[in-house]
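Note sheet for the following structure.
The values are calculated or read from the model by the stated rules, or taken from the named source; none is laboratory data. Here the structure is a predicted model, which is why all the values come from computation and not from measurement. No Cβ is skipped: glycine too gets one built from the backbone with ideal geometry, and neighbour counts run over all protein chains shown. Quick note on the areas: whole protein, heavy atoms, side chains included, nothing else; ligands and nucleic acids left out. Shrake-Rupley method; radii C 1.70, N 1.55, O 1.52, S 1.80 Å.
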Amino acid sequence: IKNMEQLANVKAYLCAVFGAVVGGIVNLMGGWSEDLTTLLLFMGVDFILGLLIAALWKKSNKSDTGALSSYSAWKGLCRKGGSLLVILIAYRLDVTLGVEYIRSAVIFAFIANEGISILENLGIMGVKYPTALKKALDVLTSKAENSESIK
């Protein structure tokens, strides 16, 4: 029973540390928002679809054989992490310049990019989707490109 208590304490400690680190990172990126939630959801869906395409369809354009590659998956995760770093930079520019649109524009652009990638992956899988989805992503791309005229 003593070992179970120690295990529970270690688990609680790790959860607290993880929560503090993630909370600190989110705070550096300007806090939690609906657009950030959407982006993270799109990133997750895109990553999972990419894994499925490589594992089941073997049609990934990220590896030589089209099959699942841990190296390609790792590169994809690093790329998504880089996108989050760009959001952090965009937020700091908002703060430095005293504006409130750079972070949003960057998030919109990344949402559009992830959305387009999701639609491409669905196409590879043979899933039909309404053209309204593609049009919505085009509108989002346009909104991201034109957001500098807001202020």
How many residues does segment 96-113 hold that are open to solvent by 40 Å² or more (accessible area, probe 1.4 Å), free of Cβ contacts under 8 Å to residues at least 60 places away in the same chain and either within 19 Å of Val45 (Cα to Cα) or in a helix (DSSP H, G or I) (or both)? 4
Only one of Leu41, Leu56, Leu14 is modelled with pLDDT of 95 or more, surrounded by fewer than 16 Cβ atoms within 10 Å (Cβ to Cβ), over 18 Å from the mean Cα position of the chain (by Cα) and not charged (D, E, K, R), namely Leu14
Are there any pairs with C-beta distances below 7 angstrom linking a residue in segment 70-88 that is closer than 25 Å to Ala105 by Cα to a residue that is at pLDDT 95 or above and of a type in the set (D, E, K, R), with the two at least 6 apart or on different chains, and if so which? Ile87/Arg103
Can you tell me how many residues in segment 114-130 are touching a residue at least 24 places away in the same chain (Cβ under 8 Å) and open to solvent by 60 Å² or more (accessible area, probe 1.4 Å)? 1
Some residue of segment 66-74 being under 14 Å from Asp46 (Cβ atoms) and open to solvent by 50 Å² or more (accessible area, probe 1.4 Å): no
Among the numbered criteria (1) in contact (Cβ under 8 Å) with a residue 12 or more places away in the chain; (2) of a type in the set (A, V, I, L, M, F, W, C); (3) open to solvent by less than 80 Å² (accessible area, probe 1.4 Å), which single criterion is violated by Leu133? (3)
Could you check, for segment 18-37, whether at least one of its residues is under 30 Å from Val127 (Cα atoms), open to solvent by 60 Å² or more (accessible area, probe 1.4 Å) and at pLDDT 95 or above? yes
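Residue-wise test of (1) farther than 30 Å from Asp94 by Cβ; (2) of a type outside the set (D, E, K, R).
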residue	(1), (2)
Glu5	yes, no
Tyr13	yes, yes
Ile25	no, yes
Ser33	no, yes
Leu41	no, yes
Gly50	yes, yes
Asp64	yes, no
Tyr71	yes, yes
Gly82	no, yes
